[in-house]
Amino acid sequence: MHYSLGIMTLNPDLSNPYFNGIGKQSISNTNDLYLFSPRDISPVNETVEGYAFNREAGNWVKEIFDIPGFIYDRTYYDKSLQSRQAKAVVQWMKNQPHIHFLGYGLPNKWLMYEKLKNSTLSSYIPETFLLKNHLHLFNLLIKHKDIIIKPVDGANGFAVYHLILSNSKVTVRTTKNHQITQQSFPSKSIFLNWAERMLEQHIFIAQERIDNRTELDTPFDIRILLNKDQFGDWREFQRAIREGTKGGIVTNISRGASYFSQEDWESIHPEADWAFVGNELNAILNELPALLEDYFSPLFEIGVDIVLAKDGSLWILDINSKPGHKIVDTLGTGKLESLHRTPLEYCEHLYSKSIPSLRRGDF
């Protein structure tokens, strides 16, 4: 059995502990492991200028090589020209019959909402609105008084805004450099000017804010990392509670939040019915991965963010097909070697199947 697996990211980082961990786990097999950017692919020659993992030295070495037969896509895009060009190259790769991705990704938050709102998990999906313009946003604010807006393709808590309408005054809050910044708009016209400028920068969705704050006014949610094992079966790999900063909006670790094990969190907050919550969570997680693959594309791993509201209701707030792995670094250090083996083992599983029979992605 011989195959090549390429880890693809926009800006390859040779010091990345996750990529290096995968490299170390690859030493025991004879398959080729590469690290590269889609910007360094030559579609004409079908070659890449990137890095090969050297088993003897245990490090990455610059090399030109054929596009690997299997791709582990860890690419995050921004709005730059280089990023758009890279995205076009990746789409070209996904259309090549001899190149297979471990996971083909998910569409943006709005397209996912459109599917999931009518699914068997619809009762866990918060009502969501695609913002048409600044007047639409203002009308939603009049109706709900307390809303969250975020880009349809955002990640890591980027450009998430909390809007409150009270006493005819709009207050807008967001997180910058781990700090909450806020500004108030004393009149409708001034707010609409701000909103119009904001909506020109991104396509936003809006949701009524779910009250997920503790008695200390910190937001929290449940983050679950799921991935496929060596048999291609979904499993829950790690679960944790994320707690944001006091008065905060988001629970992203990159925005200053902290991780807790579920056991520690339950002992700190015994007032919740954790047995009920656990059963509900397990029911959601047993159904969600297969549902996503039925609606969209084959996947390899997902990060699921679930909010527990003060009234005890559970809500699926976000799903990410390229999740971070800090949850394992922080709480599951004994699982790190298993985490690093997982892409290699799943790749072997795909390779062992009949290549023509592998389902391809749409995204």
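Among the numbered conditions (1) modelled with pLDDT under 90; (2) under 21 Å from Thr245 (Cβ atoms), tell me where Ser168 comes up short.
(2)
When you scan the range 41-54, do you find a residue that is in contact with a Lys or Arg (Cβ under 7 Å, 6 or more places away or on another chain), at pLDDT below 95 and surrounded by 14 or more Cβ atoms within 10 Å (Cβ to Cβ), even just one?
No, the conditions are met nowhere in the range 41-54.
When you scan the range 116-136, do you find a residue that is over 30 Å from Lys228 (Cα atoms), buried (at least 19 other Cβ atoms within 10 Å of the Cβ) and of a type in the set (A, V, I, L, M, F, W, C), even just one?
Within the range 116-136, one or more residues are over 30 Å from Lys228 (Cα atoms), buried (at least 19 other Cβ atoms within 10 Å of the Cβ) and of a type in the set (A, V, I, L, M, F, W, C).
Among the candidates Leu317, Leu336, Leu291, which residue alone is modelled with pLDDT of 95 or more, hydrophobic (A, V, I, L, M, F, W, C) and either closer than 18 Å to Gln230 by Cα or part of a loop (DSSP other than H, G, I, E, B) (or both)?
One residue alone meets the criteria, Leu336.
Among the residues of the range 203-211, is any of a type in the set (S, T, N, Q) and without any contact (Cβ under 8 Å) to a residue 40 or more places away in the chain?
No: the range 203-211 contains no residue that is of a type in the set (S, T, N, Q) and without any contact (Cβ under 8 Å) to a residue 40 or more places away in the chain.
Suppose we filter the range 1-49 for residues that are within 19 Å of Tyr77 (Cα to Cα), in contact with a Ser or Thr (Cβ under 8 Å, 6 or more places away or on another chain) and charged (D, E, K, R); how many remain?
The total comes to 0.
Only residues that are surrounded by fewer than 18 Cβ atoms within 10 Å (Cβ to Cβ) and assigned to a helix (DSSP H, G or I): list them for the range 1-20, please.
Passing the criteria: only Pro17.
With the requirement that a residue be part of a strand (DSSP E or B) and not charged (D, E, K, R), what does the range 41-57 give you?
Scanning the range 41-57 gives Ile41, Ser42, Thr47, Val48, Gly50, Tyr51, Ala52, Phe53, Asn54.
Go through the residues of the range 187-202 one by one and say whether even a single one is of a type in the set (Gly, Ala, Ser), crowded, with 18+ Cβ neighbours inside 10 Å, modelled with pLDDT of 95 or more and under 30 Å from Ile284 (Cβ atoms).
no
Give me a count of the residues in the range 56-68 that are in contact with a helix residue (DSSP H, G or I) (Cβ under 8 Å, 6 or more places away or on another chain) and either under 15 Å from Val89 (Cα atoms) or buried (at least 20 other Cβ atoms within 10 Å of the Cβ) (or both).
So the answer is 2.
Would it be correct to say that Gln25 is outside the structural domain of Ser297 (by TED's automatic domain parsing) and surrounded by fewer than 19 Cβ atoms within 10 Å (Cβ to Cβ)?
no
Might you let me know whether the range 1-11 holds any residue that is free of Cβ contacts under 8 Å to residues at least 12 places away in the same chain, within 19 Å of Ser321 (Cβ to Cβ) and not hydrophobic (A, V, I, L, M, F, W, C)?
The answer is no; no qualifying residue exists.
Quick grid of which residues meet (1) surrounded by 18 or more Cβ atoms within 10 Å (Cβ to Cβ); (2) closer than 30 Å to Ser352 by Cα:
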{"site": "Gly244", "(1), (2)": "yes, no"}
{"site": "Trp265", "(1), (2)": "yes, no"}
{"site": "Phe276", "(1), (2)": "no, no"}
{"site": "Asn286", "(1), (2)": "no, yes"}
{"site": "Ile306", "(1), (2)": "yes, no"}
{"site": "Pro323", "(1), (2)": "yes, yes"}
{"site": "Leu331", "(1), (2)": "yes, no"}
{"site": "Glu337", "(1), (2)": "no, yes"}
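Is there a residue being among the small types (Gly, Ala, Ser) and farther than 30 Å from Ile180 by Cβ anywhere in the range 296-310?
yes
For the range 233-259, name all the residues that are aromatic (Phe, Trp, Tyr) and modelled with pLDDT of 95 or more.
Once the filter is applied, which keeps residues that are aromatic (Phe, Trp, Tyr) and modelled with pLDDT of 95 or more, the range 233-259 yields Trp234, Phe237.
Taking Thr75 as the residue in question, decide whether it is in contact with a strand residue (DSSP E or B) (Cβ under 8 Å, 6 or more places away or on another chain), outside any helix (DSSP H, G or I) and among the hydroxyl-bearing types (Ser, Thr, Tyr).
yes
Kindly check whether there is at least one residue in the range 58-71 that is under 29 Å from Pro151 (Cα atoms) and part of a helix (DSSP H, G or I).
Within the range 58-71, not a single residue is under 29 Å from Pro151 (Cα atoms) and part of a helix (DSSP H, G or I).
Are there any pairs, at least 6 apart or on different chains, whose C-beta atoms fall under 9 Å, with the first in the range 145-160 and on the phi > 0 side of the Ramachandran plot and surrounded by fewer than 19 Cβ atoms within 10 Å (Cβ to Cβ) and the second at pLDDT below 95 and in a loop (DSSP other than H, G, I, E, B), and if so, which?
Asn156/Tyr76; Asn156/Val250; Asn156/Asn252; Asn156/Gly324; Ala159/His202
The values are calculated or read from the model by the stated rules, or taken from the named source; none is laboratory data. These numbers were taken from a predicted model, which means no experiment stands behind them. Here the Cβ is made from the backbone with ideal geometry for all residues, glycine too, and neighbour counts use every protein chain on show.
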